[in-house]
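The structure appears below as structure tokens.
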């Protein structure tokens, strides 16, 4: 069974992963989340910032943009 995390928690986890000298796996372990989950959040945040691959879909709704 998977846990649900708030958008704020995910945003903070992504920021930590991107700013840390630690690997994503180490950051995930420190936060108590799966490394695969954190990698997915980082990837989605990159796409949401417009830095992802061509044709990638962002997760924000049109009203959020």
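Rule-based calculations on the coordinates, nothing more; no lab input. Remember, it's a predicted structure, so these values are computed and weren't measured experimentally.
Percent relative contact order of segment 1-49, based on C-alpha pairs within less than 8 angstrom and at least six residues apart?
Values: 24 pairs, mean separation 16.2, N = 49.
Across segment 1-49, relative contact order equals 33 percent.
For segment 1-49, count all C-alpha to C-alpha pairs, find those more than 13 Å apart, and express that count as a whole percent of the total. Display every interim value, and only then the final one.
Details: 602 of 1176 pairs.
So the pairs more than 13 Å apart make up 51 percent of the total in segment 1-49.
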